[in-house]
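> Quick one: the structure is below, questions incoming.
The values are calculated or read from the model by the stated rules, or taken from the named source; none is laboratory data. Just so we're clear, the structure is a prediction, and the values are computed from it rather than from any experiment. Glycine gets a Cβ as well: all are built from the backbone with ideal geometry, and neighbour counts include every protein chain shown.
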Amino acid sequence: MNSHNVIFCQELIKNFGAFRAVDQISFYVKQGTICAFLGPNGAGKSTTVKMLTGQIQPTSGIVKILGCDFGKDGNSIRSRMGVLPENLGLFDDLTIEEHLLLTGDIYGLSRSVTRERTEELLDLLDLSEDRHRFARQCSHGMRKKTSFAMAVIHNPPVLFLDEPFEAVDPVAAQSMQSILRQAAQRGTTIFLTSHILSMIQQLADQVMMIRSGKIVWNSRLSEVSESLDELFFRLQESPKPKDMEWLGSDPFSER
Amino acid sequence: MARLRSLLGTLKTLFFRDWGTLSSFQGNNLFTLGIALLFLGAGSFLFFAMVLMGLVLIFPASASILRKIPEERWSVWPLRKNEKLFLQLAGIAMNPLIWLVILLVLWGKVSWEILLTIAMMPFIGFLLTVSKVSVCFPAWLRLPSFPWRLNQLLRKNLREISSTLDFYCASGFALVSALVRLNGNLPDEALLPLSLLIVLIMSTYAQNLFGLDGAGGMVRYSLLPVQGWMLLVAKDVVVLMVVFLLTLSLNLIAGMCAALMMLAVGHAASVRKPIDQMRWRFQSGGSFASGILQMLLLIFAGFSAGHFGVVFLVPCAILYFLSISYCGKLLRSF
């Protein structure tokens, strides 16, 4: 493993009972790279992110983040990564602002730095007015932006973002994109999943695709000779469109 | 008519599902104690405990069942005004408190003040449904800060514990006991048992410390660079604060010893077998055996503290620290 490989995994397998969700995948992501991990629903993206972030243990295989593995240096890795998990990881009984203050406190930021960054992130993500809302009272988009802010507020060297742009308004999505691009330019490594291919086309340096638990594509984006949409549809098996004749016909004629 | 029938069917399903969640107290230590005392012949205590439990339990159930229908769905369904009114009235009719009032009226031996009080509950529930006012607690936003890096977790845990019925039941006992003591009608011998009773009411919560964090909260815990024991301490501090306040006017030392023991036993169940809990319900216990063990040990610790005094805090604290160190590691290994 090269020392610049911030994320490294080898022969990673995850079984849920008899079902194999992730099937012997191996890859690495270099420092300062934005790596997009693409695939249809149920392909194994989120399971892979969960294994890379220590939320679940792989059935077998090796995972190393910043050269460390969870078995030996769990808290050391956790303190150096930012995560936007699939279910967002928010507490119903904390407000948006309190989530950010909690993150600052736990990752060892001083009170003033936490305050300053909280203000900056709330402004940028258009959450300032809703800062005192409890997470359970927020829309899905607001919850996602809160989880994103929690992932970046402590300036971690590696970020894992599971579908960060889904359900977020275009303005906030653009702000998030620009934050990620700037962070990557300064050396942050970013691993993200998404279904919004147009956004990935603008953002990613490296593209990986997974299908039925196996990696079917892994290259730099610049090496992809077709558009990302074309590549995606070529590699994924999609059902043939079917005409549902009842849809759009006179709704009262059939009752 | 067909869609009204279908909606009434859905409301009926929601009603019975909601009613099912009220049975959460089945694994609750207070319930277990009540049953035990019934067999021991202490029927008057059982009656008192069950009345209090019943009232605390029934209030959240008094809201109209229509609140279960998502507002967005209610507003886009193609229902006429008279159909909506019919459903709102059906919501009232499905309220168990209305049945209770009717039964009490037929019985004819209950004063009209009590009937009015009970009847007010579904009426308030109906108003909340019609006016779409959501119940919120602005005071929860203004909780004090704690000088610790897990400050926000402590504040969250305080909000969680104050959304359980166990907390209100224990507070009810503590308040009544304090008032009786203030009037000089409480003998000194009753202070220790009452303190233990308050800890016992809170003990089921201690078996399910993570029950209200939900899936999101558990994922966040797994991502935080914090030792497992610290997450447990953040939960325990809040429980100990509550017990401290509730037993302050009774036997504080016995209360704290019992609380340390209750937490020492409760950690294992909280970590090994977390069960999702619901707000505004009594908490469900992890297992019957662990509930019995917890009750026996907390009663033992409380009576020993009554006998040996403040010095008995030391063995309780040692057991507590052993438990937190072991279960903290367990918490991180899952």
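> Only residues that are within 14 Å of chain B (Cβ to nearest Cβ) and within 22 Å of the chain's Cα centre (by Cα): list them for segment A:102-141, please.
Scanning segment A:102-141 gives A:Leu102, A:Thr103, A:Gly104, A:Ile106, A:Tyr107, A:Thr118, A:Ala135, A:Arg136, A:Cys138, A:Ser139, A:His140.
> Are any residues in segment B:195-218 within 8 Å of chain A (Cβ to nearest Cβ) and either assigned to a loop (DSSP other than H, G, I, E, B) or in contact (Cβ under 8 Å) with a residue 40 or more places away in the chain (or both), and if so, which ones?
Result: B:Leu212, B:Asp213, B:Gly214.
> A follow-up question, please. Checking B:Arg220 against (1) among the charged types (D, E, K, R); (2) modelled with pLDDT of 90 or more; (3) under 16 Å from the mean Cα position of the chain (by Cα): exactly one of these is not met. Which one?
(3)
> Another one. Find the residue count for segment B:280-329, including only residues that are modelled with pLDDT of 90 or more, within 26 Å of the chain's Cα centre (by Cα) and within 14 Å of chain A (Cβ to nearest Cβ).
Residues flagged as modelled with pLDDT of 90 or more, within 26 Å of the chain's Cα centre (by Cα) and within 14 Å of chain A (Cβ to nearest Cβ) within segment B:280-329 amount to 1.
> For the list (1) in contact (Cβ under 8 Å) with a residue 24 or more places away in the chain; (2) over 24 Å from B:Phe31 (Cβ atoms); (3) in a helix (DSSP H, G or I), I need the number of the one condition that B:Ser249 fails.
Just one mismatch for B:Ser249, condition (3).
> Still on this structure, please answer the following. In the list A:Leu94, A:Leu90, A:Leu52, which residue meets the criterion of being touching a Ser or Thr at 6+ places or on another chain (Cβ under 9 Å), under 25 Å from A:Glu166 (Cβ atoms) and within 14 Å of chain B (Cβ to nearest Cβ)?
A:Leu90
> What's the total number of residues in segment A:174-183 that are surrounded by fewer than 20 Cβ atoms within 10 Å (Cβ to Cβ) and more than 13 Å from A:Asn155 (Cβ to Cβ)?
Within segment A:174-183, residues that are surrounded by fewer than 20 Cβ atoms within 10 Å (Cβ to Cβ) and more than 13 Å from A:Asn155 (Cβ to Cβ) number 5.
> Moving on. Scan segment A:46-55 and tell me whether some residue there is surrounded by 23 or more Cβ atoms within 10 Å (Cβ to Cβ), in contact (Cβ under 8 Å) with a residue 60 or more places away in the chain, under 20 Å from A:Gly141 (Cβ atoms) and among the small types (Gly, Ala, Ser).
no
> Let me ask something else. Just to verify a result, which residue in segment B:158-194, among those that are among the charged types (D, E, K, R) and under 20 Å from B:Ala305 (Cβ atoms), is nearest to the other protein chains (Cβ to nearest Cβ)?
The residue in question is B:Arg181.
> From the list B:Ala254, B:Ala259, B:Ala268, pick out the single residue that is buried (at least 20 other Cβ atoms within 10 Å of the Cβ), part of a helix (DSSP H, G or I), of a type outside the set (Val, Ile, Thr) and over 19 Å from the mean Cα position of the chain (by Cα).
The conditions single out B:Ala254.
> Further question on the same structure: From the residues in segment A:80-100 that are free of Cβ contacts under 8 Å to residues at least 40 places away in the same chain and not in a loop (DSSP other than H, G, I, E, B), which one is surrounded by the most Cβ atoms within 10 Å (Cβ to Cβ)?
The residue in question is A:Glu98.
> With respect to the numbered conditions (1) free of Cβ contacts under 8 Å to residues at least 60 places away in the same chain; (2) at positive phi, which one is the sole condition not fulfilled by A:Glu163?
With respect to (1) free of Cβ contacts under 8 Å to residues at least 60 places away in the same chain; (2) at positive phi, A:Glu163 is out only on (1).
> Name the pairs whose Cβ atoms lie under 8 Å apart, with the first residue in segment B:219-241 and within 9 Å of another protein chain (Cβ to nearest Cβ), the second β-branched (Val, Ile, Thr), and 6 or more positions between them or separate chains?
What qualifies is B:Leu223/A:Thr53; B:Leu223/A:Val83; B:Leu224/A:Ile106; B:Pro225/A:Ile106; B:Val226/A:Ile106.
> Additional query: Do we have B:Phe146 as in a loop (DSSP other than H, G, I, E, B), surrounded by 13 or more Cβ atoms within 10 Å (Cβ to Cβ) and out of contact with any Cys (no Cβ under 9 Å at 6 or more places or on another chain) here?
Yes, satisfied.
> Let me confirm something: among B:Ala215, B:Ala264, which residue is at pLDDT below 90 and closer than 26 Å to B:Leu330 by Cα?
The unique qualifying residue is B:Ala215.
> For segment A:196-255, give me each residue that is surrounded by 12 or more Cβ atoms within 10 Å (Cβ to Cβ), in contact (Cβ under 8 Å) with a residue 24 or more places away in the chain and assigned to a loop (DSSP other than H, G, I, E, B).
Of everything in segment A:196-255, those that are surrounded by 12 or more Cβ atoms within 10 Å (Cβ to Cβ), in contact (Cβ under 8 Å) with a residue 24 or more places away in the chain and assigned to a loop (DSSP other than H, G, I, E, B) turn out to be A:Ile196, A:Ala204, A:Asp205, A:Ser212, A:Gly213, A:Ser227, A:Gln236.
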